[in-house]
Amino acid sequence: MLFSSLLRRRSRLLVALFGIAIGATVLLGLVTLCYDIPRQLRDEFRSYGANLVFVKSGGTGRMTMGELERARAMLPPEELVGFAPFRYESVRNNMLPYTAAGTDFEAVKKTSPYWRVEGRMPERGEILLGADAAEATGLVPGSAMALDGRNEKQERYEKEFVVSGTVATGGAEDGFLFVNLPDMEEMTGEPDRADLAEASLSADAEKLNFLSRAVKNALPGVDPKPVARVTRSEETVMTKLTSLVYLVTLVVLLLTMICVATTMMTVVLERRREIGLKKALGADNKRVAKEFLAEGLVLGIFGGLLGSFLGLLFSRMVSVSVFGRALAPEPALIPLTVAVSALVTVIACLVPVRRAVDVEPALVLRGE
Amino acid sequence: MTENMMEIRDVSKIYGPLRALKNISLDVPPGQWLAVMGSSGSGKTTLMNIMGCLDTPSLGEVTLDGVRLAKLSPGELTAIRREAIGLIFQQFHLIGYLTALENVMVAQFYHSMVDEAEAFDALKKVGLGDRAKHLPRQLSGGEQQRVCIARALINHPKLILADEPTGNLDETNEGTVMEILHDLHDAGSTIVLVTHAPEVASHAERIIVLEHGRLVSDNAGKNGPPPADPAKSPGAAPANEAVGEASDDGAAIGDDAAVKAANAASDPGGLNPTK
Ligand SMILES: Nc1ncnc2c1ncn2[C@@H]1O[C@H](COP(=O)(O)OP(=O)(O)OP(=O)(O)O)[C@@H](O)[C@H]1O
Ligand SMILES: [Mg+2]
């Protein structure tokens, strides 16, 4: 009878139902995002470069690849997103000086996902030009480019590359030339050297500091430096965003409650006669209250279910449009959302229910 | 004294400056069919509310079937309404989104347990067996009133209170409703019927008249036969000294005149306005 009664009065209750559903939508959507935003943002911030850099201790000289390997082995593999070694060399092209960097491009794609490459990453024997360098040389993909220079033993070397593309990094690297590390070693005749290594880790500042201390203690030749600027802002932005989202969620819940309360209040006012009649027929206050609360509960549950569904869509849409990737829905949040919606609805019904209970049965005999 | 279904002693109802009922005393023996008449605003509904435990008197005592209502809590009054009172309304007060059958079942629901078969039987008794699944708006006024009656009777109340049950009905439907009330009366129910219409009141064994909250006329105890068909004896009306009695408006005067005519007809010479 409760259900048929709900069904036959759909118009008014649809309003309440939609109110609850919208509340639940925002609730689930925001909580899902809240859940996901730290993850998303970590990914996002990671794409602003490495957050741990290794250089030779003392500030001068080069690390050996062996040292780097050991440092890398100390980083937890599940948090290590990328690890790219760099070897810098002063070279000349057509008598003009450039900085050439030898690296591992597969790793660079992970530590520097923000690189915008036109053409493609270089294969062996190929070279990638920083945007400024490309402009200075006037070379385009496919052109040949000869480099020459002197190694540590002051021996002269020379090697010819084919340009594979250009890269815009937005930083000083735009003046650099990039080749594969083995090509660099071959050209200079000096293997096993690295000036710098960039690591990208999905760890927070505390963990990064801990890791860098551990590496420093274990490997005296290596000086790990957390890139403080990025990690700190990462943390503050994240906590600010998360608390903002929680705040918005709270406000939305409150608004839902107000919406449900006013709708139920209207329902009570509209049904004063009916309530009076029920009381005249012998329904006591508890009965009247229970009926309204049960109605609220049903509304809350259905609104919550509807809202959960919409909320998943909503959070997915936001995630796709803002972060450019779909998020993994959290199924455990659905029953939680339904429970919260039901609770909020029932709480919102308390004041209207008190009004309903106060209705005088005598009004049914009066004209009204 | 407990042989009376209802005993009302010196009951007054005060609404702010207004005394809607003034020192009403009235006994209703079981099985009696009592009609309450009076002009609009004379306190009929107020009295009915008090009889039906929907309201409490400001002053005075009411005893229903031996139970003194003044001593009861609101919850206990609710229980009495549930167990002992059947209400029939001028506006029917059916729940719009429930079918006829469900409207009857609502009363069962608050009383004890719903019993669809019993509810259906109740509808059949008022001639609505084929309308059980209709919503109130799909029923005529007379049919709605019969649903209301079926609902009032479903829990076998000791006391049936009907406030203007025919006020919204045409003559045919009025006839049907009065027939049902006659059947109930014959079956031994105690009925209190509020009405403006003398010909409706004339069905009752006893007629009381309220005026400005006072009980001004009561044909009880005059153990002559119940009024045969007083409304149709206009000859009693002229030359009646009560016609000019103070009253608020013309329509009401007409009513009062008719009532007094009715009383006069049923009890010639027994009319003594108590002022
Ligand atoms: N809740 C209330 N508050 C204030 N005054 C009231 C209330 N209920 C009734 N009254 C007043 O009490 C008086 C008697 O009202 P009541 O409803 O009993 O009249 P009635 O005889 O039933 O009239 P009618 O024939 O029009 O139904 C009226 O003057 C009415 O305005
Ligand atoms: Mg009335």
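Of the conditions (1) more than 16 Å from ligand 2 (Cβ to nearest atom); (2) outside any loop (DSSP other than H, G, I, E, B), B:Lys13 satisfies every one except a single condition; which number is it?
With (1) more than 16 Å from ligand 2 (Cβ to nearest atom); (2) outside any loop (DSSP other than H, G, I, E, B) applied to B:Lys13, the lone miss is (1).
Out of curiosity, is A:Ala144 surrounded by fewer than 17 Cβ atoms within 10 Å (Cβ to Cβ), among the hydrophobic types (A, V, I, L, M, F, W, C) and within 19 Å of A:Asn180 (Cβ to Cβ)?
Taking the combined requirement at face value, the residue satisfies it.
Tally time: how many residues in segment B:16-54 are touching a strand residue (DSSP E or B) at 6+ places or on another chain (Cβ under 6 Å), within 13 Å of ligand 2 (Cβ to nearest atom) and either assigned to a loop (DSSP other than H, G, I, E, B) or under 15 Å from B:Ala220 (Cα atoms) (or both)?
Count: 5.
From A:Leu255, A:Leu299, A:Leu310, A:Leu306, grab the single residue that is within 14 Å of A:Gly19 (Cα to Cα), out of contact with any Leu (no Cβ under 9 Å at 6 or more places or on another chain) and of a type outside the set (Ser, Thr, Tyr).
Sole residue among the options that is within 14 Å of A:Gly19 (Cα to Cα), out of contact with any Leu (no Cβ under 9 Å at 6 or more places or on another chain) and of a type outside the set (Ser, Thr, Tyr): A:Leu255.
Does B:Arg151 satisfy being part of a helix (DSSP H, G or I), within 8 Å of chain A (Cβ to nearest Cβ) and either more than 16 Å from ligand 2 (Cβ to nearest atom) or out of contact with any Ser or Thr (no Cβ under 7 Å at 6 or more places or on another chain) (or both)?
yes
Answer yes or no: is there a residue in segment B:170-191 that is within 14 Å of chain A (Cβ to nearest Cβ) and either surrounded by 21 or more Cβ atoms within 10 Å (Cβ to Cβ) or in contact (Cβ under 8 Å) with a residue 12 or more places away in the chain (or both). Full working, then the answer.
Applying the first criterion (within 14 Å of chain A (Cβ to nearest Cβ)) to segment B:170-191 yields none.
Checked against the condition, which is being within 14 Å of chain A (Cβ to nearest Cβ) and either surrounded by 21 or more Cβ atoms within 10 Å (Cβ to Cβ) or in contact (Cβ under 8 Å) with a residue 12 or more places away in the chain (or both), segment B:170-191 yields no hits at all.
With respect to A:Leu363, determine if the residue is in a helix (DSSP H, G or I), within 16 Å of ligand 1 (Cβ to nearest atom) and over 20 Å from the mean Cα position of the chain (by Cα).
yes
List the number of the failed condition for A:Asp148; all other conditions in (1) within 25 Å of A:Gly82 (Cβ to Cβ); (2) assigned to a strand (DSSP E or B) hold.
(1)
Just name the residue that is surrounded by the fewest Cβ atoms within 10 Å (Cβ to Cβ) out of those in segment B:1-10 that are in a strand (DSSP E or B) and out of contact with any helix residue (DSSP H, G or I) (no Cβ under 9 Å at 6 or more places or on another chain).
B:Asp10
Taking the condition open to solvent by less than 10 Å² (accessible area, probe 1.4 Å), of a type outside the set (S, T, N, Q) and at pLDDT below 95, does A:Ala168 pass?
no
In the list A:Ala332, A:Ala326, which residue meets the criterion of being more than 16 Å from ligand 2 (Cβ to nearest atom), away from chain B (no Cβ under 14 Å), touching a Ser or Thr at 6+ places or on another chain (Cβ under 7 Å) and open to solvent by 30 Å² or more (accessible area, probe 1.4 Å)?
A:Ala326
Quick one: how many residues across segment B:89-107 are in a loop (DSSP other than H, G, I, E, B) and either in contact (Cβ under 8 Å) with a residue 60 or more places away in the chain or within 7 Å of another protein chain (Cβ to nearest Cβ) (or both)?
8
Any chance segment A:79-89 includes a residue that's of a type in the set (Val, Ile, Thr) and in contact with a helix residue (DSSP H, G or I) (Cβ under 7 Å, 6 or more places away or on another chain)?
Kept after step one, since they are of a type in the set (Val, Ile, Thr), are these residues of segment A:79-89: A:81.
Now narrow it down to the ones that are in contact with a helix residue (DSSP H, G or I) (Cβ under 7 Å, 6 or more places away or on another chain): A:81.
Within segment A:79-89, one or more residues are of a type in the set (Val, Ile, Thr) and in contact with a helix residue (DSSP H, G or I) (Cβ under 7 Å, 6 or more places away or on another chain).
Can you tell me which residue in segment B:62-77 is farthest from ligand 2 (Cβ to nearest atom), limited to those that are more than 14 Å from chain A (Cβ to nearest Cβ) and open to solvent by 50 Å² or more (accessible area, probe 1.4 Å)?
In this case the residue turns out to be B:Lys71.
When you check B:Gly86 against the structure, is it at the interface with another protein chain (Cβ under 10 Å from one of its Cβ atoms) and not in a helix (DSSP H, G or I), yes or no?
Yes.
In this structure, does B:Arg131 turn out to be closer than 30 Å to B:Glu76 by Cα, away from chain A (no Cβ under 14 Å) and open to solvent by 30 Å² or more (accessible area, probe 1.4 Å)?
no
For segment A:335-368, name all the residues that are buried (at least 18 other Cβ atoms within 10 Å of the Cβ), within 14 Å of chain B (Cβ to nearest Cβ) and of a type in the set (A, V, I, L, M).
Scanning segment A:335-368 gives A:Val359, A:Ala362, A:Leu363, A:Val364, A:Leu365.
Look at segment B:135-161 and say how many of its residues are more than 16 Å from B:Glu83 (Cβ to Cβ), open to solvent by less than 60 Å² (accessible area, probe 1.4 Å) and out of contact with any Phe, Trp or Tyr (no Cβ under 8 Å at 6 or more places or on another chain).
Going through segment B:135-161 one residue at a time, the tally reaches 7.
What are the residues in segment B:108-117 that are over 16 Å from A:Lys286 (Cα atoms) and either facing chain A (nearest Cβ under 10 Å) or open to solvent by less than 70 Å² (accessible area, probe 1.4 Å) (or both), if any?
B:Gln108, B:Val114, B:Asp115, B:Ala117
Looking at (1) at the interface with another protein chain (Cβ under 10 Å from one of its Cβ atoms); (2) under 16 Å from B:Ala162 (Cα atoms), which one does B:Val36 not meet, given that it meets all the others?
Here B:Val36 meets the rest and fails (1).
Conditions first: (1) in contact (Cβ under 8 Å) with a residue 12 or more places away in the chain; (2) more than 11 Å from every other protein chain (Cβ to nearest Cβ). B:Ile80 passes all but one, so which condition is the exception?
Against the list (1) in contact (Cβ under 8 Å) with a residue 12 or more places away in the chain; (2) more than 11 Å from every other protein chain (Cβ to nearest Cβ), B:Ile80 comes up short only on (2).
Does segment A:156-177 hold any residues that are under 33 Å from the mean Cα position of the chain (by Cα) and assigned to a strand (DSSP E or B), and which are they?
A:Ser164, A:Gly165, A:Thr166, A:Val167, A:Ala168, A:Phe176, A:Leu177
Only one of B:Gly31, B:Gly41 is near ligand 1 (Cβ under 9 Å from one of its atoms) and more than 13 Å from A:Ala362 (Cβ to Cβ); which? So that I can check it myself, show each step before the final result.
Values: B:Gly31 fails: near ligand 1 (Cβ under 9 Å from one of its atoms).
The unique qualifying residue is B:Gly41.
The values are calculated or read from the model by the stated rules, or taken from the named source; none is laboratory data. In this text, all values refer to a predicted model and were calculated from it rather than measured experimentally. Cβ sites come from the backbone with ideal geometry, for glycine too, and all protein chains shown count toward neighbours. Accessible surface is based on the protein model in full, side chains and every heavy atom, while ligands, DNA and RNA are left aside. Shrake-Rupley method; radii C 1.70, N 1.55, O 1.52, S 1.80 Å.
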